[in-house]
Each structure stands twice: as structure tokens, then as C-alpha cells.
Amino acid sequence: MVEKITFTDRMEKLNTELESIKANPPSEQQRKKNKRNNWLILLVLFCFLAYGCVDLLTTSDEELAEKESQASIKAAEELEDLREADEQAALAHAAANTAESNIPGYDSSLAKDYEIIFIEDDNRMDAIRKQYWIVVPSDISETEAKATFIQLIMDETSKNPDIDAICIFAYDREVDVGYAYTIGTVDWCPDGEWNVPNEIARSNDRSSYEYVFTLTKRVVNSTLTKPTELEFEIYDFYKISYDAAWDEVDLSDPYATVDEDLVKQNVANHYGITAEEAYDIYRKVTEYQYQ
């Protein structure tokens, strides 16, 4: 490897030689000889100066070119980041507005408050699929329920535009969460199909997405008579009693089952009513909740 001699190194070497001449004055003959060589020294010095300036200019140009190159690369990277961010924002906006474009008459002002009780991931291949269990007001109407479901989907896809499918189960009482939905459900997915193709999951193309709503009769037909608070309480106690009876069943016996007469009587004794009344109330609330 050839060692590079800088302009500063060359000047220091020249100064050392000049100091040596001053310390040891030459003879008359040597001075005459040196005089003849002065022009050569000046010429060499001029060459050193010229070469040094060219070297400095070259180095400066190289550094400037390198800085400009790095600045260009950084600017290109920042531009690409901004472009990707814009694309993600556009996708999120498109996903959020798919609801309004696909549902005639959708009005965000109809959306009611909702509470997410829990979320479950149901991912498949490249598709991000999520299921939501929520609680909404018990007096929610059909249009309000649909608007609320759509609002939740827009809220969630705005936060994460990579979500490829959403299913919502809605209830009006948290105690019922985990059982069949009492308000309704909706699937938001390509062509209304829960199985999201990988190409759609990768591209985030939401143009084929649909909303598939299923609402209970009590929401669609608001004229149905709502059970009283006491009837709901008896219904809840009946379910608790039934679940407790199941815990006592010998599951190794294929014919074992719950003795519903004992469940009815347990509820009847607790509320001071007949077993038949207990069962009628349970059936009434069940029909109201799930039909």
C-alpha cells in the first residue's frame, strides 16, 4: 500500500532542510553553487505549492461530493418513508370509509357508545382477523346497531389498517357475554366471506368488502315487550343453577344429563314461586334475548 504524503508533511520536510542550512553556513563556493540551485528550489517549491493546492481542492471536492451523495440518499429515504406513510394513511382512510360507501343511508350520528369486553385474534395465513365482544345500550334500534357496528370497525381499522376481517358480537348486558349474542352480529370481510384470500391480506385492497348483519328480533321489532328486571334476575339465577347442575354430572356416563326438574324447583324455592312459573319466566326471557 502506497503511503500518501500530505501537503503539510512536505512543508515540514522543506522547513527542516532550510533550518539545517542555516545552522551550517555553506562555503563561498557552495553559496555560488546554491545560488545556481535557488531557481531549482523555487521551482520545486512552486510545484509543491501547486500540487498541494490541487490536492486540497481535490480532497475538498471529494468530501463535498460524498456529503452531497449522503444527503441525496437520506432525502430519498425520507421521501420513501413519507410515501409509505401516505399510502398507509390512504389505506386506513379507504378502509374506514368503506362502511359509509357500502351502506346506503349510513349516518355516523346514529352510532351509540359501545364497550369492548374482550377481543380474540383469529388469524389465518397472512390474514389478520379479529373478533370483538361488545356491550351496547339495551334500547338500541336496528339503524343504531348497524351504525354502531360500522363505527367500531372504522375505529379499529383506523388504528390498524392491516386488519383484514372483523366479526362483532353485541350484547346489552355484560353478564350475557360468552353466550349467544343478544343484540346482533356483523361480519366485515371480502365478499362477506370470513376466509380472506392472501392476496387481499397482502395488498389491503378493501374494494370487495361487505357488511353482513344479523340482528335479533327484539332489535328489529322494537314493539316486543321487554321482560322486567325481576324476570331478568330469575332468568340469570336459572342459568347459574343449570350450570351448577352440569358441574355435578358424571361426564363418563354417556347418558348422564341435568335434571331440569331439580333446577326449576331450586329457582322456585329461591323466589317463592312455582317450578312452572320459574321455567315460564326463563323461557320468556330466552325468547326475548335470542330469537
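Rule-based calculations on the coordinates, nothing more; no lab input. A quick note: this is a predicted structure, and the numbers were derived from the prediction, not measured. Virtual Cβ from ideal backbone geometry, glycine too; neighbours counted across all protein chains shown.
In sequence order, region 195-203 has phi-based couplings of 7, 8, x, 4, 5, 6, 4, 7, 8 Hz under the Karplus curve 6.51 cos²θ - 1.76 cosθ + 1.60, θ = phi - 60°, and Gly or Pro positions carry x. Going by the alpha-carbon gyration tensor, a ≥ b ≥ c the square roots of its eigenvalues, is region 229-290 rounded (a/c under 1.5) or, if a/c is not under 1.5, prolate (a/b greater than b/c) versus oblate? Taking the square roots of the gyration eigenvalues as a ≥ b ≥ c, region 229-290 is prolate. Region 110-220 gives an Rg/Rh value of 0.97, both radii derived from C-alpha positions and Rh following Kirkwood. Placing a pseudo-label 7 Å from each Cα along the Cα-to-Cβ vector at residue 80 and residue 290 gives an inter-label distance of 5.6 nm. Taking packing as the residue-averaged number of other Cβ atoms within 10 angstrom, the listed peptides 180-189, 270-279, 136-145 run from highest to lowest as 180-189, 136-145, 270-279.
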